[in-house]
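**Q** Structure below; questions to follow.
A short reminder: the numbers here are calculations on the coordinates, not readings from a lab. None of these values were measured; they are calculated from a predicted model. Here Cβ is always computed from backbone atoms with ideal geometry, including for glycine, and neighbour counts include all displayed protein chains.
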Amino acid sequence: MIAAPALSAAPKEAEAGLDHFLYRDGQLYAEDVPVAEIAATVGTPFYLYSTATLLRHFQLFDEALAWGPHLVCYAMKAASNQAILRTLAEAGAGMDVVSGGEYARAKAAGVPGERIVFSGVGKTREEIRMALEGGIRQFNVESEPEMRVISEVAVSLGVEAPITVRVNPDVDARTHAKIATGKSENKFGIPISRAREVYAEAAALPGLKVVGIDVHIGSQLTDLEPFALAYRKVAELTEVLRGDGHEITRLDLGGGLGIPYTRSNEAPPLPVEYGALIERELGHLGCEIEIEPGRLIAGNAGVLVSEVIYVKQGEGRDFLILDAAMNDLIRPAMYDAHHDIVPVVEPEAGAEQVPYDVVGPVCESGDTFARGRTMPTLSAGDRVVFRSAGAYGAVMSSEYNTRALTPEVMVKDDQFAVIRPRPSFDDMIKRDTLPEWL
Ligand SMILES: *Cc1c(COP(=O)(O)O)cnc(C)c1O
């Protein structure tokens, strides 16, 4: 196995052949397996993950925080297949979960409760009970009503619930509006200006044990400055709360570090730079550091493989109609996201490049992956790969238009395995149940 680059889509490293999805002998490989071979076995479309890339990205964070006690809690909402969770858990990762379902998935993958943190603005009584019974590292509390319910449930079970309070630092993450979470108008956390009174109430509630502070300002951040602003506020708050008599021993700093989605742009900061920033802003406080990266661990560790169904001539444009659609990968429709799309068969040097509107078969104009994208000439039956599709890809897929839920496949060195099979039409239909009057 060739040594992995820092971030798999960085241009120079990819050109130097250091990516885990790279061309070899004119074919795209995933680690040591030709993508075409998997496509011939599984059929398209499908998601394909590289074990080596997942582990590499986890380790980059782990190493970036090696200056002190820490836990990297993978934000599993980015990609939550059991095989991905088990791979990361075996490497020592904790998990950040945002629902009872994710908690159950983490436990099923073998993650011990003491390595699971529970985030999210709407934790229900049932979810809280489930986590307290199954074991939990901490709840990241998002409101006072939620804090009171956690205390009540804990008291009813005769236990103490470890908590942090998620503070909203009112910092602009400078990312897409739909994934910015750290401004005062966002629904997340408690205004940092009210943190003292909220911590005072937390300390007075019988079922809670305050262990630290939590913050998460958004996703796909491509600049360290917003992190620095937020973490500086957390450092100040740590001193203030300690002055008030609270034991602040743990700082959960959220996720959000961005990834390169294209090879033409400048790459976002590396985990090592992010880790150094954390040490600079918070290292002096002697706290255990937790981070919750999702996208950076899974994003470039996965691709979506698809096949061209038709090339259709339109008015002044050619449409590349793929067998993947918005139900398989919703990021372009939802966030105007860019994904590099490359052929599985390596184009010859100097091959003709033409602009395509790349679309799926779903009955919506929003089912458009790219407009006027310059690509090598393609024909029906050719296969392509969407790069950087590992995070917020398969987890956001649906069966809209009764298209089968996209299968998932994982490679490790020269092996591959289907880790979520494609349902048959019967499987899908049988999930419906008819009322007795029909
Ligand atoms: C989504 C989310 C993350 C992960 O964000 P990434 O951008 O994928 O790193 C971490 N923490 C919380 C609370 C989140 O909601």
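**Q** What number, rounded to the nearest 500 deg cm²/dmol, is the helix-based mean residue ellipticity at 222 nm of the chain, given -39500 (n - 2.57) per DSSP H run of at least four residues and division by all its residues? Let's see the in-between values first.
**A** Numbers: 13 runs with 125 residues, N = 438.
Roughly -8500 deg cm²/dmol at 222 nm, from the helical runs in the chain.
**Q** In Å, the Kirkwood hydrodynamic radius of the chain over pairs of distinct alpha carbons?
**A** Evaluated over the chain, this radius sits at 22.9 Å.
**Q** On the principal axes of its Cα set, how long, how wide and how thick is segment 105-198? Give whole Å, largest value first.
**A** Each principal axis gives a Cα extent; for segment 105-198 these are 39, 33, 18 Å.
**Q** Then there is this: What angle do you read, to the nearest 10 degrees and between 0 and 90, between the alpha-carbon axis of helix 195-204 and the longest principal axis of the chain?
**A** 60 degrees
**Q** So for the chain: antiparallel DSSP bridges make up what percent, rounded to the nearest 5? If you can, show how the numbers build up before the last one.
**A** Values: 35 of 71 bridges.
Around 50 percent of the beta bridges assigned by DSSP in the chain are antiparallel ones.
**Q** Moving on to the next point. Step by step: find N for segment 113-159, compute 2.2 N^0.38 Å, then divide the Cα radius of gyration by it. What's the final number? Before the final figure, lay out the partial values.
**A** On the way: Rg = 9.6 Å, N = 47, 2.2 N^0.38 = 9.5 Å.
Segment 113-159 yields a ratio of 1.02.
**Q** Another question, then. Quick one: net charge of Leu277's neighbours, Cβ under 12 Å, K/R +1, D/E -1?
**A** That sum, taken over residues with Cβ under 12 Å, equals -3.
**Q** Moving on to the next point. Taking a ≥ b ≥ c as the square roots of the eigenvalues of the Cα gyration tensor of segment 349-438, is the shape rounded (a/c under 1.5), prolate (a/b larger than b/c) or oblate?
**A** Working: a/c = 2.78, a/b = 1.57, b/c = 1.77.
Oblate shape, in that a/c is at least 1.5 and b/c is the bigger or equal ratio.
**Q** What's the local net charge at Ala230, with K and R +1, D and E -1, over the other residues with C-beta under 14 Å away? Spell out each step's value before the answer.
**A** Details: positive: Arg166, Arg174, Lys183, Arg232, Lys233, Arg280; negative: Asp170, Asp172, Asp214, Asp223, Glu225, Glu236, Asp252, Glu281, Glu292.
That works out to -3.
**Q** Oh, and also: Rounding to the nearest 10 and keeping the result within 0 to 90°, find how far the Cα-based axis of helix 125-134 lies from the longest principal axis of the chain.
**A** On a 0 to 90 degree scale, this one is about 90.
**Q** With the cut-off at 1.5 for a/c, could you classify segment 40-103 from its C-alpha gyration tensor as rounded, prolate or oblate?
**A** On the way: a/c = 3.06, a/b = 1.55, b/c = 1.97.
It is oblate, given that a/c is not under 1.5 and a/b is not larger than b/c.
**Q** Name the GluC sites (Glu not before Pro) in segment 310-386 that are in a loop by DSSP and that have at most 10 other C-beta atoms within 10 Å, would you? Write out the running numbers ahead of the final one.
**A** On the way: sites: Glu315, Glu348, Glu352, Glu364; in loops: Glu315, Glu348, Glu352, Glu364.
In loop regions of segment 310-386 (DSSP not H, G, I, E or B), the sparsely surrounded GluC sites (Glu not before Pro) are Glu315, Glu348, Glu352.
**Q** Continuing with the same structure: With everything on Cα atoms, drop me the angle between helix 225-243 and the longest principal axis of the chain, reported from 0 to 90° to the nearest 10.
**A** It is inclined by approximately 20 degrees.
**Q** Please provide three numbers in whole Å: the alpha-carbon extents of segment 119-293 along the principal axes, with the largest listed first.
**A** 56, 34, 29
**Q** Go ahead and run the numbers for FRET between Asp426 and Asn401, Cβ-Cβ distance against an R0 of 22 Å, rounding to 0.05.
**A** Details: r = 17 Å, r/R0 = 0.78.
Taking R0 as 22 Å, the efficiency between Asp426 and Asn401 is 0.80.
**Q** Related question: Please give every one of the lysines within straight-line cross-link reach of Lys187, meaning a C-alpha to C-alpha distance under 22 Å, and leave out same-chain neighbours fewer than 8 residues apart.
**A** Those lysines meeting the cut-off are Lys77, Lys123, Lys178, Lys233.
**Q** Follow-up. Determine the dipole magnitude for the chain: charges of +1 sit on the beta-carbon of Lys and Arg, -1 on that of Asp and Glu, nothing else is charged, the reference point is the Cα centre, and the result goes in debye to the nearest 20.
**A** Working: 41 positive and 63 negative charges, 113 e Å.
Here the chain has a charge dipole of around 540 debye.
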